[in-house]
Amino acid sequence: MFTLGELPVGQFEDMQVFIRVVDAGSISKAAEQLGIAKSAVSRRLADLESRLGVRLLNRTTRISSLTEAGNGFYQRSRKIIDDVTELNALTNQSNSALEGTINIAVPLSFGLSHLAPAINDFIKLHPELSININFSDQQVNLVEEGIDLAVRIADLKDSSLIARRISPIKTLICASPAYLQKHGTPKIADDLKHHALLSYNLTDSSAWQLKDPQGKQQLINVKAKIIANNGEFLKDMAIAGHGIVMMPTFILWQAIAKGELLPILSDYTTPQLNAYVVYPQTRYLSQRTRVLIDFLVERFGENPYWDKNF
């Protein structure tokens, strides 16, 4: 692994041009944005590839796409450029003006409903920052994808990631008033076996785990009427009267407040997870990323706003 002091003369500038080409999507657009000739951009890319001994981009007349090697080089180059930008800002005593890009991976429902407003407020505080967000319920490899941090809602197992808890995540069992009126309200956990259940298919188990009022573990094998990988969809299906759902309160809270969904089996204990910010142990945590993590911890906290009425 080289250090900045070991970079060949001109490579830092070549890396900046390479990043601009990738972000712009083509050499022509990058040249236009940089205010230099297209031939100059092409020459810099050719020099960089020659120096590295590998092709970074697949070029056509209209677009450029990353090779596998190019993707890895892009992620590392982007971080180097961003860190140098931040270092310059710190040296100039401009700590409050955070700069650079933060790459984030977040779960879809939580990201759109709760993280998006938080990021909006964060960018207002730090307008020089750029945010690159991957919305997906699938867990991405942070190192391979060049992600600075990810928000994960889970009971975290041992891993190579560093985790900081930002909020507890409660779950509730709910159904619409219309469904309960038509099919009856379950009184004990075993009653769920005779109802239509709506299931999230990215969990590790097909069973709902509950504890009865005496603290005894109850496992309800879910034979779901509807299975989906998105919580908002399942919530909407529950509101429409298609069945009973067990989901996090950060998805259900507004529907419950409006009376569209009613909590049931409230004397049973449902699983509680946590929302964590995670990042690789091997990655330097930039100031901009640290500030964002602190912001999220303060934003959500031990009693998040969606649980105020529970």
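The residues in the stretch 1-45 that are more than 16 Å from ASN58 (Cα to Cα), modelled with pLDDT of 80 or more and among the β-branched types (Val, Ile, Thr) can be counted, and the count is 1.
Figure legend. Inter-residue proximity from the stretch 248-262: first residues surrounded by fewer than 23 Cβ atoms within 10 Å (Cβ to Cβ), second residues of a type in the set (Gly, Ala, Ser) and modelled with pLDDT of 95 or more, beta-carbon distance below 7 Å, spacing 6+ or different chains. Indicated pairs: GLU260/SER176; LEU262/ALA175.
Restricting the stretch 217-256 to residues that are of a type in the set (A, V, I, L, M) and assigned to a helix (DSSP H, G or I), the residue that is farthest from PHE310 (Cα to Cα) is MET237.
Scanning the stretch 84-101 for residues that are part of a helix (DSSP H, G or I) and either modelled with pLDDT under 75 or closer than 30 Å to ASP236 by Cβ (or both) yields a count of 7.
Look at the stretch 123-143: where a residue is within 20 Å of ASN201 (Cβ to Cβ) and a partner is part of a helix (DSSP H, G or I), sitting 6+ places away or on another chain with Cβ atoms under 7 Å, you get PHE135/LEU108; PHE135/GLY111; PHE135/LEU112; SER136/LEU108; ASP137/LEU108. Screening LEU219, LEU197, LEU192 for residues that are surrounded by fewer than 18 Cβ atoms within 10 Å (Cβ to Cβ) and either among the aromatic types (Phe, Trp, Tyr) or closer than 20 Å to THR269 by Cβ (or both) leaves exactly one candidate, LEU219.
Test ILE36 against the criterion of being outside any helix (DSSP H, G or I) and either farther than 18 Å from ASN71 by Cα or assigned by TED's automatic domain parsing to the domain that holds LEU66 (or both), and give yes or no. So ILE36 passes the test. Here the stretch 148-186 is the region considered, the condition is being of a type in the set (D, E, K, R) and touching a residue at least 24 places away in the same chain (Cβ under 8 Å), and the residue that is surrounded by the fewest Cβ atoms within 10 Å (Cβ to Cβ) is LYS182.
Taking the options ILE264, ILE244, ILE256, ILE251, name whichever one is assigned by TED's automatic domain parsing to the domain that holds LEU198 and touching a Lys or Arg at 6+ places or on another chain (Cβ under 6 Å). When all the criteria are applied, what remains is ILE251. Counting only strands (runs of 3 or more DSSP E) that fall entirely inside the stretch 102-196 and contain at least 1 residues that are more than 18 Å from VAL277 (Cα to Cα) and at pLDDT below 90, the qualifying elements are 129-135. If the condition is being surrounded by 14 or more Cβ atoms within 10 Å (Cβ to Cβ) and over 17 Å from the mean Cα position of the chain (by Cα), then the stretch 115-137 contributes HIS126, GLU128, LEU129. Per this entry, LEU285 is not counted among residues that are not assigned by TED's automatic domain parsing to the domain that holds GLY100 and not β-branched (Val, Ile, Thr). Only one of these conditions is not met by GLN214: (1) assigned to a loop (DSSP other than H, G, I, E, B); (2) polar (S, T, N, Q); (3) in contact (Cβ under 8 Å) with a residue 12 or more places away in the chain. Which number is it? Evaluating GLN214 over (1) assigned to a loop (DSSP other than H, G, I, E, B); (2) polar (S, T, N, Q); (3) in contact (Cβ under 8 Å) with a residue 12 or more places away in the chain leaves (3) as the failure.
The values are calculated or read from the model by the stated rules, or taken from the named source; none is laboratory data. Values in this document were obtained by computation on a predicted structure and should not be read as measured data. A quick note on method: Cβ atoms are made from the backbone with ideal geometry, for glycine too, and the neighbour counts reach across all protein chains shown.
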